[in-house]
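Since every read-out is calculated from the coordinates, none of them should be taken as a lab result. This is a predicted model, so every value here is computed, not measured. Here the Cβ positions follow ideal geometry from the backbone for every residue, glycine too, while neighbour counts run over all protein chains shown.
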């Protein structure tokens with residue numbers, strides 16, 4: 001079986017409202033299940049690819065501060 005996980009995750013959330021996307025993200029974080037990490041990674045990839053350079057800098061600053 002040839003399954004593209006990235007495409008499956010994107011298809012699973014395509015068309016979701018902001019509330020549904022928030023619920024998906026919060027649920028993945030709150031459950032703390034390792035199996036949710038690839039999905040969060042794909043969602044971050046979508047955010048990164050669709051962000052301006054300024055938005056990327058802000059995300060990096062937030063990430064850096066959160067890891068201190």
Legend entry - FRET efficiency for residue 57 and residue 33, using Cβ-Cβ distance with R0 set to 22 Å, rounded to 0.05: 0.10
Inset, instruction - Using 0.36 nm per residue of separation minus the Cα-Cα distance, give me the extension gain between residue 47 and residue 14 in nm, one decimal. - result: 10.5 nm
Inset, instruction - Quick one: work out Rg over Rh on the C-alpha atoms of the chain, Rh as Kirkwood radius. - result: 1.00
Legend entry - Helix 18-31 axis, angle to the chain major axis (alpha carbon atoms, nearest 10°): 90
Inset, instruction - Return 19, 27 ranked ascending by Cβ neighbour count within 10 Å, so the fewest neighbours appear first. - result: 19, 27
Inset, instruction - Pop a pseudo-label 7 angstrom from the Cα along the beta-carbon direction at both residue 6 and residue 23 and give the gap in nm to one decimal. - result: 2.8
Legend entry - Value at 222 nm in deg cm²/dmol, rounded to 500, when DSSP H runs of n ≥ 4 in the chain each add -39,500 (n - 2.57): -23000 deg cm²/dmol
Inset, instruction - Can you tell me the 0 to 90 degree angle between the C-alpha axis of helix 37-49 and the longest principal axis of the chain, rounded to 10? - result: 60
Legend entry - In degrees, nearest ten, helix 53-66 long axis to first principal axis of the chain (Cα): 90
